[in-house]
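Q: Can you keep this structure in mind? I'll have questions shortly.
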Amino acid sequence: MAIALIIQGRDVEALRSGLSDALPGVEIQVWPTLTDLAAIEFVVAWKSPENLLSQLPNLKAICSLGAGVDGILALADLPDVPVCRIVEEDLTRQMCDYVLAQILNFQYQFSAYCRQQHNNQWCEREPVAIKSVAILGVGQIGHQVAMDLYSRGYQVTGWSNSPKPDRVYSCVFGIEALAETVANADCVISLLPATKETDNLFNRNFFQQMQSHALFINVGRGNSVVEEDLYQALQHGVIQSACLDVFKTEPLPQEHPFWGLPNLVITPHIAAVTRQQNIISQIVEHYKKLQSGQTLNYIVDRDKGY
């Protein structure tokens, strides 16, 4: 019996070492050097190559390295086994910090001051008022972001696909409520997952429904934004500013027009990054439950996509 770490683009030595210490006697195989495909029963995956998981004849479950699972669910050869995800306090804290930082950056115009500094300019600017915030996607992480902003005095409205009762902040649901939600917000934040319903949700019509002084932040998934429509909205003042941490193509191509927009903040998918030492115990728990025949935590609904 073995665990395989099929993770592209990251050094996984800390994870491999931690799992080996926590699970003595369990073989930990690391892609691309998988020594015994038949022995692998559990996979921890991130950006798994196509046509690999289907080669594991005894695979019983897959765990995403992070909170997102769209890359796994998009695999054409995804086996019919449970897919679970990581739910981790540090990821949530990072996301809350990132969102707050971008709101404050916009409110106090720090990006503009940075540009002024490069041009040896001394010019005071009026702060931009953000009072009302719409958070699209108030699941586990989105709810904590909403609560963090609510505790700081922002007027928060959460929007989701299904009802979210017993929230201290206002919460609405359904596509019919989306337009009114964003129309009343100084800042619109998306934490939506990648699903068929969220594909190209943020288009020309959506941005026209926002207020012209508003800030748009996307820390969900890049599939949701029609990038040309956002580019036009920013270039022509339909909305005032945006911050994107996720994109349809990552890394963002060098020739992409987004790079030239002064009212767009670009970060390279770093709003919440899994720290490997923090998730070892959760992966161990997943594995032990699998071995004892128990239901795994945080199993993904494939039909919903999250």
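Q: List the residue pairs whose Cβ atoms are under 6 Å apart, where the first residue sits in the range 272-285 and is assigned by TED's automatic domain parsing to the domain that holds ILE28, the second is of a type in the set (D, E, K, R) and not in a helix (DSSP H, G or I), and the two are 6 or more positions apart or on different chains.
A: Cβ pairs passing all conditions: ASN278/GLU88; ILE279/GLU88.
Q: Further question on the same structure: Kindly evaluate TYR98 against the criterion of being more than 20 Å from ILE239 (Cα to Cα), under 21 Å from the mean Cα position of the chain (by Cα) and in contact (Cβ under 8 Å) with a residue 60 or more places away in the chain.
A: Values: more than 20 Å from ILE239 (Cα to Cα): yes; under 21 Å from the mean Cα position of the chain (by Cα): yes; in contact (Cβ under 8 Å) with a residue 60 or more places away in the chain: yes.
Yes: the conditions hold for TYR98.
Q: Only one residue in GLU227, GLU250, GLU255 is among the acidic types (Asp, Glu), in the same structural domain as ILE103 (by TED's automatic domain parsing) and out of contact with any His (no Cβ under 9 Å at 6 or more places or on another chain), so which one is that?
A: On the way: GLU227 fails: out of contact with any His (no Cβ under 9 Å at 6 or more places or on another chain); GLU250 fails: out of contact with any His (no Cβ under 9 Å at 6 or more places or on another chain).
When all the criteria are applied, what remains is GLU255.
Q: Then there's this: Please state which one of VAL182, VAL83, VAL168, VAL87 is farther than 30 Å from GLU41 by Cβ and either at pLDDT below 95 or surrounded by 14 or more Cβ atoms within 10 Å (Cβ to Cβ) (or both).
A: Numbers: VAL83 fails: farther than 30 Å from GLU41 by Cβ; VAL168 fails: either at pLDDT below 95 or surrounded by 14 or more Cβ atoms within 10 Å (Cβ to Cβ) (or both); VAL87 fails: farther than 30 Å from GLU41 by Cβ.
Exactly one of VAL182, VAL83, VAL168, VAL87 is farther than 30 Å from GLU41 by Cβ and either at pLDDT below 95 or surrounded by 14 or more Cβ atoms within 10 Å (Cβ to Cβ) (or both), namely VAL182.
Q: Determine whether VAL172 is without any contact (Cβ under 8 Å) to a residue 24 or more places away in the chain and hydrophobic (A, V, I, L, M, F, W, C).
A: yes
Q: Being farther than 20 Å from GLY220 by Cα, among the polar types (S, T, N, Q) and either modelled with pLDDT under 95 or buried (at least 16 other Cβ atoms within 10 Å of the Cβ) (or both), is that true of even one residue in the range 141-164? It would help to see each step written out before you state the result.
A: Filtering the range 141-164 for residues farther than 20 Å from GLY220 by Cα gives 151-155.
Right, trim to among the polar types (S, T, N, Q) and you get 151, 155.
Okay, now just the ones that are also either modelled with pLDDT under 95 or buried (at least 16 other Cβ atoms within 10 Å of the Cβ) (or both), so 155.
Scanning the range 141-164, I find at least one residue that is farther than 20 Å from GLY220 by Cα, among the polar types (S, T, N, Q) and either modelled with pLDDT under 95 or buried (at least 16 other Cβ atoms within 10 Å of the Cβ) (or both), so the answer is yes.
Q: Of the residues ALA194, ALA134, which single one is modelled with pLDDT under 95 and not polar (S, T, N, Q)?
A: Working: ALA134 fails: modelled with pLDDT under 95.
Selected residue: ALA194, the only one of ALA194, ALA134 that is modelled with pLDDT under 95 and not polar (S, T, N, Q).
Q: Filter the range 46-62 down to residues that are surrounded by 15 or more Cβ atoms within 10 Å (Cβ to Cβ) and over 16 Å from the mean Cα position of the chain (by Cα), then give me how many there are.
A: Taking the range 46-62 first, the residues surrounded by 15 or more Cβ atoms within 10 Å (Cβ to Cβ) are 46, 48, 52-53, 56, 59-62.
Now restrict to residues that are over 16 Å from the mean Cα position of the chain (by Cα): 48, 52-53, 56, 59-62.
The total comes to 8.
Q: While we're here: For the range 189-215, which positions are under 15 Å from the mean Cα position of the chain (by Cα) and buried (at least 17 other Cβ atoms within 10 Å of the Cβ)?
A: Start the filter on the range 189-215 by keeping residues that are under 15 Å from the mean Cα position of the chain (by Cα), which leaves 189-195, 198-199.
ILE189, SER190, LEU191, LEU192, PRO193, ALA194, THR195, THR198, listed by residue number.
The values are calculated or read from the model by the stated rules, or taken from the named source; none is laboratory data. This structure is a prediction, so every number in the text was calculated from the model and none was measured. Here the Cβ is made from the backbone with ideal geometry for all residues, glycine too, and neighbour counts use every protein chain on show.
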